[in-house]
Amino acid sequence: METGGHQQLRVYQLAHLLSVKIHAMTLTLPKFEMYEEGSQIRRSSKRVAASIVEGHALRKYKAEYVNYLFCAYGSAEETLEHLYLLFETHSLMEDSVYLSLRAESLLLNQQLFRYLQGVQQYHEVPDSLREESAEYIVENVTE
């Protein structure tokens, strides 16, 4: 795994790992759920990590960054709901799988929310991003 940029964020690491675990879990669901709730939970869990990545790429713009983190948080909450529905409908055969994924989901949601609050309060555009933008403008904008 690469160790630059968004990959260094603990919240991204948790989101990515959880989406891999959820994907694997959905492959054990009854066939009819693989294309129903299984598909929904796979997409929402993968959207969490993807939104963190996209927001991080646009972190120069605080409002964009915050927007993508809110999208990630919404998808994380959606994932938790799909997990609960699978449990309540007895499509998840093992209680231990549900309890483990639920605990990881709750931890991710909590850390993602705290991260979002931190970005809202303390985010400033790093000088390196300002410099990259200035260099891009100088190199690519013609008069």
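Just so it is clear, none of the values below were taken in a lab; they were calculated from the coordinates. For clarity, every value in this text was computed on a predicted model and none was experimentally measured. Glycine gets a Cβ as well: all are built from the backbone with ideal geometry, and neighbour counts include every protein chain shown.
Modelled this way, with points 7 Å down the Cα-to-C-beta line, the labels at PHE87 and ALA57 are 3.4 nm from one another.
Label separation (GLN13 vs LEU106): 2.3 nm, computed from points 7 Å beyond Cα along the C-beta direction.
Less than 5 angstrom separates the built amide H of LEU9 from none of the residues sequence-distant by 5 or more or on a different chain. Of the chymotrypsin sites (Phe, Trp or Tyr not before Pro) found in the range 18-105, the ones in coil according to DSSP and having at most 14 other Cβ atoms within 10 Å of their Cβ are TYR35, TYR61.
Length gained on full extension, ARG43 to LYS31: 2.6 nm, using 0.36 nm per residue less the C-alpha separation.
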